[in-house]
Amino acid sequence: QVQLVESGGGLVQPGGSLRLSCAASGISFGIYVMSWYRQAPGKQRELVGSITSSGSTNYSDSEKGRFTISRDNAKNTVYLQMNSLKPEDTAVYYCNARRVLIQYWGQGAQVTVSS
């Protein structure tokens, strides 16, 4: 059974930082492209960024320079380090594992940026 479990969400003040983790089980983690998506209230889910099996990353323009994705294949875990958070970063953040036509989603982690 495939599971992607996000953790590390919560409430943070503007300008603060959070690190999300996504622990995967039931898949050969190292061969999957891992991505983070987010969905704000009333908006469509959008891509935050991705990391390939070899560690290459790409990010959406609004996150470049503030967010960093990394992975630890030995721990079957992908991370999203978020710095300089803004209120507009408030959303549910989802972990995604993709290989060719197969993809899996986590249940999501709430991130709220508010003073």
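The values are calculated or read from the model by the stated rules, or taken from the named source; none is laboratory data. Since the model is a prediction, treat every value here as computed from it, not as a measurement. Here the Cβ positions follow ideal geometry from the backbone for every residue, glycine too, while neighbour counts run over all protein chains shown. For the accessible areas, the whole protein counts, side chains as well, though only heavy atoms, and no ligand, DNA or RNA atoms are used. Shrake-Rupley method; radii C 1.70, N 1.55, O 1.52, S 1.80 Å.
Selection over the range 85-98 of residues that are more than 16 Å from residue 40 (Cα to Cα) and open to solvent by 40 Å² or more (accessible area, probe 1.4 Å) gives a count of 1.
If you go through the range 6-16 and pick out every residue that is open to solvent by less than 60 Å² (accessible area, probe 1.4 Å) and in a loop (DSSP other than H, G, I, E, B), you end up with 4. Take the conditions (1) farther than 27 Å from residue 1 by Cβ; (2) under 14 Å from the mean Cα position of the chain (by Cα); (3) open to solvent by less than 20 Å² (accessible area, probe 1.4 Å); residue 68 misses just one of them, which is (3). Entry remark, the range 22-47: residues being more than 14 Å from residue 91 (Cα to Cα) and either surrounded by 20 or more Cβ atoms within 10 Å (Cβ to Cβ) or of a type in the set (D, E, K, R) (or both) number 6 in total. Would you confirm, using the coordinates I've provided, whether residue 62 is assigned to a helix (DSSP H, G or I), without any contact (Cβ under 8 Å) to a residue 12 or more places away in the chain and not charged (D, E, K, R)? Considered against the rule, which asks whether it is assigned to a helix (DSSP H, G or I), without any contact (Cβ under 8 Å) to a residue 12 or more places away in the chain and not charged (D, E, K, R), residue 62 comes out as yes. If you go through the range 75-89, how many residues are farther than 16 Å from residue 5 by Cα and assigned to a loop (DSSP other than H, G, I, E, B)? So the count comes out to 4.
So that you can scan it fast, the table gives a plain yes or no per residue for (1) open to solvent by less than 70 Å² (accessible area, probe 1.4 Å); (2) over 16 Å from the mean Cα position of the chain (by Cα); (3) at pLDDT 95 or above:
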{"position": "20", "(1), (2), (3)": "yes, no, yes"}
{"position": "49", "(1), (2), (3)": "yes, no, yes"}
{"position": "52", "(1), (2), (3)": "yes, no, yes"}
{"position": "62", "(1), (2), (3)": "yes, no, no"}
{"position": "72", "(1), (2), (3)": "yes, no, yes"}
{"position": "77", "(1), (2), (3)": "yes, no, yes"}
{"position": "83", "(1), (2), (3)": "yes, no, yes"}
{"position": "100", "(1), (2), (3)": "no, yes, no"}
{"position": "112", "(1), (2), (3)": "yes, no, yes"}
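The test for being closer than 14 Å to residue 4 by Cα, of a type outside the set (Ser, Thr, Tyr) and part of a strand (DSSP E or B) does not hold for residue 38.
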